[in-house]
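Heads up, the thing below is written out as structure tokens.
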Amino acid sequence: MGALMDLVAGDARQILLAIAVDDWAGFDDRSRFDAHLALGGGLDPTWLDLFAEAILTVPGAGGPTDFIDARHELDGPADEVDRVIERVDSAWIDAVALLPDRQVDAIAGRWVDLVEEELGFLPREEKPWIRQLAGDLVAFARAAQRSQDVLFAWSL
């Protein structure tokens, strides 16, 4: 299957049901789910830790905890799917949602630096999508801020 990752905001039971029946397209229906961000392949969950670290290095940004510390594995029906399903702390979502737009470029630049420190040199053409992803994460968090639940579904 390859690396797949999604952040979904809404009612946890509805999210788990959609995952169980492979209704991934349904996550983009705003009448059913508050927000959805398909992170796809090409990165793994540690990249979101590096994103949080990048936020902390930008002066005045404040920031969330490491993403790994903000995730809590679910028990029950999630055990029956082929992805790890974790609940994301609302404090992490709130911290990302509160980032001013004017800081996203600096955060994205620092995120690229941290990814390169971790994985090695990134080709120039890879960097714009990381900038876009930083903005998408902030937009997702803003849409998910008042959601009942935010779940992270992933597999490597």
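Taken per residue, the accessible surface of the chain reaches 50 Å², heavy atoms only and a 1.4 Å probe. Cα-based values for the chain, radius of gyration first and Dmax second, are 15.1, 44 Å.
Using a probe radius of 1.4 angstrom, the carbon and sulfur fraction of the accessible surface of the chain is 50%.
Database remark: amide H of Gln148 closer than 5 angstrom to the amide H of Gly10 (H placed geometrically; neighbours at sequence offset of 5 or more, or on other chains; Pro and chain starts carry no H). Solvent exposure of Ser90, expressed as accessible area, is near 80 Å², computed with a probe of 1.4 Å over the protein chains only. Taking 0.36 nm per residue of separation and subtracting the current Cα-Cα distance, fully stretching the chain between Arg142 and Asp23 would add 40.5 nm. Measuring nothing but how far apart in sequence close Cα pairs (under 8 Å, 6+ apart) lie, relative to its length, the chain scores a relative contact order of 37 percent. Between Asp89 and Asp101, the distance separating the two model label sites (each 7 Å from Cα on the Cα→Cβ line) works out to 2.9 nm. Each residue of region 123-131 was assigned a 3J(HN,Hα) from its phi angle through the Karplus expression (A = 6.51, B = -1.76, C = 1.60, θ = phi - 60°), giving x, 3, 6, 7, 5, x, 6, 5, 4 Hz with x at Gly and Pro. For the chain, set up a GNM with springs between Cα atoms under 10 Å and report which of Arg13, Arg71, Arg83 has the largest fluctuation. It is Arg13.
The values are calculated or read from the model by the stated rules, or taken from the named source; none is laboratory data. The structure presented is a predicted model; accordingly, all values stated were derived computationally and were not measured. All Cβ positions, glycine included, derive from the backbone under ideal geometry; neighbour counts span all protein chains shown. Heads up: the accessible areas ignore ligands, DNA and RNA and are worked out on the full protein's heavy atoms, side chains in. Shrake-Rupley method; radii C 1.70, N 1.55, O 1.52, S 1.80 Å.
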